[in-house]
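The values are calculated or read from the model by the stated rules, or taken from the named source; none is laboratory data. These numbers were taken from a predicted model, which means no experiment stands behind them. With ideal geometry, Cβ positions are generated from the backbone for all residues, glycine too; neighbour counts draw on all protein chains shown. These accessible areas exclude ligands, DNA and RNA; they are computed on the full protein's heavy atoms, side chains included. Shrake-Rupley method; radii C 1.70, N 1.55, O 1.52, S 1.80 Å.
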Amino acid sequence: MSMIDRVARAIHIALPRMALSGAPIAWDDLTDEARADYHAAAHRAISIMRIPSDAMMREGDRRDLSRDTANIWERMVFTALSEPC
């Protein structure tokens, strides 16, 4: 599953489309248009992270922690999620 699809599904969980009955609509039951809306929102959310915040850059530049790409990325994303809104 692509990252855009994973993020789109996460957005759907957080902000589900609702049926007329008021119950959330399952991902597999969404229309193609509704899924496309979630994919577009996911694309926008991911694309904004191309430019890291100052806090993310500081975390990515730390020399006291592992320098492998996955660890750096994970720390930078964790930092982004920890920043106040």
Checked pairs for segment 14-25, first in contact (Cβ under 8 Å) with a residue 12 or more places away in the chain, second open to solvent by less than 90 Å² (accessible area, probe 1.4 Å), C-beta under 9 Å and 6 or more apart or across chains, list as R17/P24; R17/I25; R17/L30; R17/T31; R17/A34; R17/D37; R17/Y38
Within segment 53-67, the residues that are within 19 Å of L81 (Cβ to Cβ) and open to solvent by 80 Å² or more (accessible area, probe 1.4 Å) are D54, M57, R58, D61, R62
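Conditions tested, residue by residue: (1) open to solvent by 40 Å² or more (accessible area, probe 1.4 Å); (2) touching a Gly at 6+ places or on another chain (Cβ under 8 Å); (3) under 25 Å from S82 (Cβ atoms).
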| site | (1), (2), (3) |
| --- | --- |
| M1 | yes, no, no |
| I4 | yes, no, yes |
| A8 | no, no, yes |
| A14 | yes, no, yes |
| P24 | yes, no, no |
| D37 | yes, no, no |
| I51 | yes, no, yes |
Review point. Is there a residue in segment 27-35 that is without any contact (Cβ under 8 Å) to a residue 40 or more places away in the chain, open to solvent by less than 100 Å² (accessible area, probe 1.4 Å) and of a type in the set (D, E)?
Key: no
